[in-house]
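Undergrad: My questions all concern the structure below.
The values are calculated or read from the model by the stated rules, or taken from the named source; none is laboratory data. These numbers come from a predicted model, not from an experiment. Note that each Cβ is placed from the backbone with ideal geometry, even for glycine, and that neighbours are counted across all protein chains shown. Side chains included, ligands, DNA and RNA excluded: accessible areas come from the protein's heavy atoms. Shrake-Rupley method; radii C 1.70, N 1.55, O 1.52, S 1.80 Å.
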Amino acid sequence: MNSLVIEAEGLMKRYGSQIVVDSLDLTIAKGEVFGLLGPNGAGKTTTILMLMGMSEPHGGTIRVCGINPVTHPLSVKRKVGYLPEDVGFYDDYSGIDNLVYTARLNGQSPAQARHQAEQLLRRIGLWEDAHKKTGKYSRGMRQRLGLADVLMKSPEVIILDEPTLGIDPTGVRELMELIVKLSRDEGITVLFSSHHLHQVQQVCDRVGLFVGGRLLAQGDIPQLAQSLLNDNLYAIEAAIDHPDEKILSDALMSVNGVMSVERRRDLFHIRTNHDVTAVIAQRVIEAGGALTYLNRVEYGLDEIYCRYFEGGSNHDVN
Amino acid sequence: MLIKQLREPITRIAQCMPGLSPQNKTERFTRHPFWVMVDKEMMDHIRSWRFMILVAIVVLTCLGASYTALLNIAKAVKPGDADEAFLFLNLFTVSDGTLPSFVVFMGFLGPLLGIGMGFDAINSEQSRGTLSRILSQPIHRDYLINAKFVAALMVIALLVFVMGYLVAGAGLIAIGIPPTFEEFMRINLFLMLSVVYIAFWLNLSVLFSIRFRQAATSALSGIAVWLFFNLFYPLMLNIVLKPFTPSAYASPKSIYLFERSRYLLSQLMPNELFNEATSTLLMPTVRSVGPLTMQQVEGALPGPLPLGQSALLVWPQITGLLAATLICFALSYYLFVRREIRGRS
């Protein structure tokens, strides 16, 4: 886990006067599943294209598997599989023929290519449709075929650009499980971009938050939460029957660690800086209230997402 | 039993040659990615409906053209004519006015064939979302555009030569006089020139397919350019030059200058270049393509030119067509290699 597969330092890309990627530092270790999370237009695709050597950076250095993709794009493309956003296939070719063509572009012989395509199609569960024309494939099937296509060259790294876009929830879960399984089984490093935080949260070892061309934070989910939400880490939702709301509120506020109490419809929303759920339950009963529901809410990426993506991208972390 | 006996030596020979033996064939057959792409593009062309329609048009044309040529070839030859020696070439050029000759058809439909095969070369890949997937494979970016060009060119060359030889063959059977070696070479040169001419339109439409995202836009622009040179440019040339037309009593020098400039301006039309080059190649009696002064004509004996001289006469036209083709290709190459490819947009 200690050798670095992707290293980017001070990466920069401009389109005209607009800076799309701004001094990006990114390191991904071997075998890791890294999620690049950001809203649309954050510069995720641009970053990926630069890693693939398909777009030239205006500053900074990149190393992918120890190779510089700017000067040696072919060597990088030999080792890295890239699934573009909304991938397309030759519609009048069958699924297997599309895969064989990819393999042959990678210099495999037809027999070898066909053999590997068959294996992969079985593995991703598309074997029954292997000889159907890809024009008749559904979106989910196309994405899965895309994954197989990426794996045809036996890559060390796979880069997936919005792989789950436009697939139904079951399809998304299957695809994500497939990706994680591949990474675990074969030690393939995975970098994928998404703006769906739940998917990222489920499968990624580490996540990078990418907003406005800058990487705001990276790390696993608890680390991210810690670095981005210093306090207000916990929240408690409670449904309480009490004759006088004012007295109840005061009683709750007096608990050590409670920062705020708010009533949202039927629920009281209590923010605390550490876990005081038990104390709150006790205090409610002491104050003569009837506690019907109590739930500790842990902050996940949801909150982070709202704060940094929807709350405005010019938000400063520190 | 007999068949088995017959097959045995063949299998034995095949086994001696590693490339031919069936067991080894699949294992050893690892082609360079570029040729894999050319293979695929050619296959796509040949299997596509569009190509079949284009071929159907061209085949009908050939049939019509050779039919009229065969009907009228007897009338075209007068005894004692200098052309008599080149009877066979008349197959490609003779017509009675109801249907155009093969040469005219080729000049007219060739561009359509070229445009038809190239107008969606790059933009269809982009809109299908296959472009970025293919370019993320370990191939050089120019392979794609080169492969598309080479494949289309090979298909066109095959088609043109097959058509030409079919017409020649049909004529051979019908008139019973074999072509001389010079006639054969002239026919080959003419077919090669046709391929270059179609390649020009092919490259132009590939250029449009890179420039325009919509296949329909690029097809229309190709056809617009073709129409412009076929219809409007000669018309414009006439309108623009009319006020400068010297009177019949003007000095020979000014008449010569006028004719010369009109000739030069008409050379900008690729179809004019093609027509001049082909008619000179297929009609050995054509001695000049531009205006001549009396001094130049004086003392000239009316007779056919040898092949070398005919070719020399239209060398500028051939070079011009080749140059136009190369310019289009270079432009498309530049545009494509410089472009950033992202997704379908």
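Undergrad: Kindly state, to the nearest 0.05, the FRET efficiency for B:TRP35 paired with B:ALA216, given R0 = 45 Å and r defined as their beta-carbon distance.
TA: 0.90
Undergrad: Mind putting a number on the dipole of the stretch A:17-131 about its Cα centre? Charges go on the C-beta only, +1 for Lys and Arg and -1 for Asp and Glu, and I need it in Debye to the nearest 20.
TA: Here the stretch A:17-131 has a charge dipole of around 560 debye.
Undergrad: Let me ask something else about it. In Å, what Kirkwood hydrodynamic radius results for chain A from the alpha-carbon pair distances?
TA: For chain A, the Kirkwood estimate is 22.1 Å.
Undergrad: While we're here: Using a 1.4 Å probe on the protein heavy atoms only, what accessible surface does B:LEU60 show? Give it in Å² to the nearest 10.
TA: Accessible surface of B:LEU60 is approximately 120 Å².
Undergrad: Another one. As I understand it, the dipole of the protein assembly as shown uses +1 on the Cβ of Lys and Arg and -1 on the Cβ of Asp and Glu, about the Cα centre. Which of B:THR319, B:LEU335, B:MET269 lies farthest toward its positive end?
TA: Farthest towards the positive end: B:THR319.
Undergrad: Within chain A, which whole H helices from DSSP have a Cα span along their axis of at least 15 Å and a mean Kyte-Doolittle hydropathy of 0.0 or more, if any?
TA: A:95-105
Undergrad: Further question on the same structure: If you take the accessible area of A alone, add that of B alone, and subtract the area of the pair, what total do you get in Å², probe 1.4 Å, to the nearest 100?
TA: Interface between A and B: roughly 2900 Å².
Undergrad: Size of the dipole of the protein assembly as shown about the Cα centre, Lys and Arg at +1 and Asp and Glu at -1 on the beta carbon, nothing else charged, in debye to 20?
TA: 1840
Undergrad: Under 30 Å Cα to Cα from A:LYS181, which lysines show up? Leave out anything in the same chain fewer than 8 places away.
TA: A:LYS30, A:LYS44, A:LYS77, A:LYS79, A:LYS132, A:LYS133, A:LYS136, A:LYS153
Undergrad: Within 10 Å, count the other beta carbons around each residue, average over each peptide in A:40-50, B:49-59, and list them highest first.
TA: A:40-50, B:49-59
Undergrad: Oh, and also: Got a sec? Which residues of the stretch A:103-119 lose 20 Å² or more of accessible surface with every protein chain in place, vs. that chain alone, 1.4 Å probe?
TA: A:ARG104, A:LEU105, A:ASN106, A:GLY107, A:SER109, A:PRO110, A:ALA111
Undergrad: Using just the helices of the protein assembly as shown, give the 222 nm mean residue ellipticity in deg cm²/dmol: DSSP H runs with n ≥ 4 each add -39,500 (n - 2.57), and the total is spread over all residues, rounded to 500.
TA: Value at 222 nm, helices only: -17000 deg cm²/dmol.
Undergrad: Taking H as built 1.01 Å from N, whose amide H comes closer than 5 Å to the amide H of A:TYR93, not counting residues under 5 places away?
TA: A:THR134, A:GLY135
Undergrad: The stretch A:91-136: D in µm²/s via Stokes-Einstein (Kirkwood Rh, Cα pairs, 25 °C, 0.890 mPa s)?
TA: 237
Undergrad: With a 1.4 Å probe and all protein chains left in place, how much accessible area per residue does the protein assembly as shown have, in Å²?
TA: Roughly 49 Å² per residue, with all protein chains present.
Undergrad: Let me check I have the definition right: for the protein assembly as shown, take the eigenvalues of the Cα gyration tensor, multiply each by 5, take square roots. What are those semi-axes in whole Å, largest first?
TA: The equivalent ellipsoid of the protein assembly as shown has semi-axes of 71, 32, 21 Å.
Undergrad: Averaging over every viewing direction, what projected area does the convex hull of the Cα atoms of the stretch B:157-254 cover, in nm²?
TA: Reported value for the Cα convex hull: 11.7 nm².
Undergrad: Something else: Work out the charge dipole of the protein assembly as shown with +1 on the Cβ of Lys and Arg and -1 on the Cβ of Asp and Glu about the Cα centre, then indicate which of A:LEU252, A:ILE67, B:PHE212 is farthest towards its positive end.
TA: B:PHE212
Undergrad: Ok, one more. Using a 1.4 Å probe on the protein heavy atoms, what percent of the accessible area of the protein assembly as shown belongs to carbon and sulfur?
TA: Result for the protein assembly as shown: 60 percent of the exposed heavy-atom area is carbon or sulfur.
Undergrad: Expected output is a single nm value to one decimal: the length gained when fully extending between B:SER261 and B:GLU298, i.e. 0.36 nm times separation in residues minus the C-alpha distance. What is it?
TA: Here the answer is 11.1 nm.
Undergrad: Can you tell me which of B:ARG262, B:ARG133, B:ARG31 moves the most in a GNM of chain B? Springs connect C-alpha atoms under 10 Å apart.
TA: Maximum among the listed residues: B:ARG31.
Undergrad: Could you sort the peptides B:194-200, B:116-122 by per-residue average Cβ neighbour count (10 Å cutoff), highest mean leading?
TA: Packing order, densest peptide first, comes out as B:116-122, B:194-200.
Undergrad: May I have the count of lysine pairs in chain B with C-alpha atoms under 23 Å apart, counting pairs 8 or more residues apart or located on different chains?
TA: The result is 4.
Undergrad: Counting each pair of different Cα atoms once, what's the Kirkwood radius of chain B in Å, rounded to one decimal?
TA: 23.2
Undergrad: What would the Debye equation give as log₁₀ I(q)/I(0) for the stretch A:230-298 at q = 0.16 Å⁻¹, counting only Cα atoms as equal point scatterers?
TA: After summing over all Cα pairs, the log10 values are -0.44.
Undergrad: Sticking with this one: Can you find, among A:GLY213, A:TYR90, A:THR277, the residue farthest towards the positive end of the dipole of chain A? Put +1 on the C-beta of Lys and Arg, -1 on that of Asp and Glu.
TA: A:TYR90
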